[in-house]
Amino acid sequence: MYPPICRLIVWDELVAATAAARHPPSGGVTAMRATIAELDAQKRMVRQISQLANASNWRGVVALDRAGREVAVALRAHSPKNSACVYNALGVAYLALGDAHKAIEYSKLNLAIAKETGDRAMEQTVRGNIGMAYRGLGDHSKEFEYHTQSLAIAKEIGDRAAEGMAYSNLGNACQSLGDSVKAIEQHTQHLTIAKEMGHRKGESVAYGNLGIAYDQLGDFSKAIEYHTQCLAMAKEIGDQDGHGTAYTNLGNAYRSLGDVDKAVHYFTQQLSIAKKLGNRLEEARVYHNLGICHLDLGDHIKAVAYFEAQDAMAIELKLGHVRAHAALGMGVALSLQFRAEIQAQLNLRAQKQQLESSKRELEAQLNEQMRAGQAELDAMVSLQVCMYLCGWARVWVWVG
């Protein structure tokens, strides 16, 4: 999925307003100074929010929430485009930080201005961002609705790049709604546009999304084919995030095929990239995937270690839902390990009983053989004695 779009701040309206304030009617010097000071303060705030947004410093943008909202309200009448851009920056910041409700609130304020001013490009962008926010809330019907609107506007204004992104987001919405066939259609459209525009990053994203769709259809060989293409392109363009995502998707596909060792290989590669990029949330996700794989392999001790690593990271990031997943994984692993240990003890007891039984049987056989041997020996001795006595009797008669 593409990141939300944050449009650049425009200055024309603010510059015009400041210029007008510098030439007030006669006798309004005090008012002029107050107005200029206010406009300068607004301009500084807009510039600061713009710089933070352009640097993707979303926490910095959110820290200016209250001041930014006040400036946006103040700018609403004489500089609606800058007001919209402040709302856009706040909406994107909250979306990037996972607060979908706040993201929708600010994005809809932005949307209202875009519609009033007839800014179709901004409207197209904002509808796409709202669609992503609804995705974060799990409302995939709303997500589909907004991305459909975004796609229609992109076609209307002839923005092929925006059209490609809209197809990509719409494909993700279809995938979430369970329609993998429709998702493949949308992602194929995105792939076509990305190739047409020479957008290698977009092409890589499209390959990855097609792989996920085929994975959901159960065509794991096709999924691996697309994920491999995604990985190759991500390496080619130096896209570390895309590189890591491809490793994760390949790991999932190979696990679905039952090749868990290969899945572990790809997840381990992804773990290295997540650590290198300092992506702690992704690192926690990979620990979970590795824990699941080691459950599949029957290595419950190693699985517990990975789930514990996931839990430690979830505590650090203060993510309760990630801790819940880690706890569930640990519970399953420990339960299976306990069962394995109990089964091992039962097997050991059964083996011991089998050995005892075999020992008794062997001893009985030896005793029987010894008795039989003793009986045979006794018979031989008796025969020898008898023969000896018979010989002695013959000798005795002959002498007499």
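The values are calculated or read from the model by the stated rules, or taken from the named source; none is laboratory data. The model shown is predicted, which means the values in this text are computed figures rather than measured ones. FYI the Cβ positions are ideal-geometry reconstructions off the backbone, even for glycines, and counts take in every protein chain you see.
Brief remarks follow.
- Filtering Y146, Y94, Y106 for residues that are at pLDDT 95 or above and of a type in the set (F, W, Y) leaves a single hit, Y146.
- Flag if A41 is of a type in the set (A, V, I, L, M) and either under 35 Å from the mean Cα position of the chain (by Cα) or at pLDDT 85 or above (or both): no
Residue-wise test of (1) more than 26 Å from Y134 (Cβ to Cβ); (2) of a type in the set (G, A, S).
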{"position": "C174", "(1), (2)": "no, no"}
{"position": "L177", "(1), (2)": "no, no"}
{"position": "G208", "(1), (2)": "no, yes"}
{"position": "A213", "(1), (2)": "no, yes"}
{"position": "K235", "(1), (2)": "yes, no"}
{"position": "Y254", "(1), (2)": "yes, no"}
{"position": "D259", "(1), (2)": "yes, no"}
{"position": "T268", "(1), (2)": "yes, no"}
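- In the stretch 293-312, the residues that are in contact (Cβ under 8 Å) with a residue 24 or more places away in the chain and surrounded by 20 or more Cβ atoms within 10 Å (Cβ to Cβ): C293, H294, L295, H300, A303, V304, F307, Q310
- Pick from the stretch 124-172, criterion in contact (Cβ under 8 Å) with a residue 60 or more places away in the chain and hydroxyl-bearing (S, T, Y), ranking: farthest from L95 (Cα to Cα): S168
- Filtering the stretch 53-82 to residues that are in contact with a helix residue (DSSP H, G or I) (Cβ under 7 Å, 6 or more places away or on another chain), free of Cβ contacts under 8 Å to residues at least 40 places away in the same chain and not in a helix (DSSP H, G or I) leaves L64, R76.
- Among the residues listed as K201, K195, the single one being within 28 Å of L90 (Cβ to Cβ) and basic (K, R): K201
- Residue tally, condition farther than 16 Å from D239 by Cβ and either surrounded by 15 or more Cβ atoms within 10 Å (Cβ to Cβ) or in contact (Cβ under 8 Å) with a residue 40 or more places away in the chain (or both), over the stretch 269-279: 1
- Taking (1) closer than 17 Å to A253 by Cα; (2) touching a His at 6+ places or on another chain (Cβ under 6 Å); (3) not basic (K, R) in turn, L170 satisfies each apart from (1).
- Residue match in the stretch 332-346 (condition: at pLDDT 70 or above, in a helix (DSSP H, G or I) and within 28 Å of L297 (Cα to Cα)): yes
Rundown of residues vs (1) in contact with a Phe, Trp or Tyr (Cβ under 7 Å, 6 or more places away or on another chain); (2) not in a helix (DSSP H, G or I), yes/no style:
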{"position": "Y94", "(1), (2)": "yes, no"}
{"position": "G98", "(1), (2)": "no, yes"}
{"position": "N110", "(1), (2)": "yes, no"}
{"position": "K115", "(1), (2)": "no, no"}
{"position": "T125", "(1), (2)": "no, no"}
{"position": "F144", "(1), (2)": "no, no"}
{"position": "Q149", "(1), (2)": "no, no"}
{"position": "G164", "(1), (2)": "no, no"}
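- Evaluating K115 against the criteria (1) surrounded by fewer than 18 Cβ atoms within 10 Å (Cβ to Cβ); (2) in contact (Cβ under 8 Å) with a residue 12 or more places away in the chain leaves one unmet condition, (2).
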